[in-house]
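Please read the structure below before turning to the comments.
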């Protein structure tokens, strides 16, 4: 059985993204959205690349191996 604790939503064109953490008592359960129009393409790309490791490190004290 595989369980998940977060969801990274990215639209099909890669122009919008948001991250949702479903861990109990997460202090920041939703991050974003970031959009190309408001934040720029480089910001959206960086968000997609980094949020899955950045959020657990910042809010849950986890580090990647």
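Only the coordinates and a few stated rules stand behind these numbers; no lab work does. If you're wondering where the values come from, they're calculated on a predicted model, not measured in any experiment. Note: ideal-geometry Cβ built from the backbone for every residue, glycine included; neighbour counts use all protein chains shown.
Here are the numbers for this structure:
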{"item": "Where a residue in region 44-65 is under 14 Å from residue 21 (Cα atoms) and its partner, wherever it lies, is part of a helix (DSSP H, G or I), with Cβ under 7 Å and at least six apart", "result": "62/56"}
{"item": "Selection count, region 21-40, where residues are out of contact with any strand residue (DSSP E or B) (no Cβ under 6 Å at 6 or more places or on another chain), without any contact (Cβ under 8 Å) to a residue 12 or more places away in the chain and either surrounded by 12 or more Cβ atoms within 10 Å (Cβ to Cβ) or within 18 Å of residue 60 (Cβ to Cβ) (or both)", "result": "4"}
{"item": "The lone exception for residue 18 - which of (1) buried (at least 16 other Cβ atoms within 10 Å of the Cβ); (2) outside any strand (DSSP E or B); (3) within 10 Å of the chain's Cα centre (by Cα) it fails", "result": "(2)"}
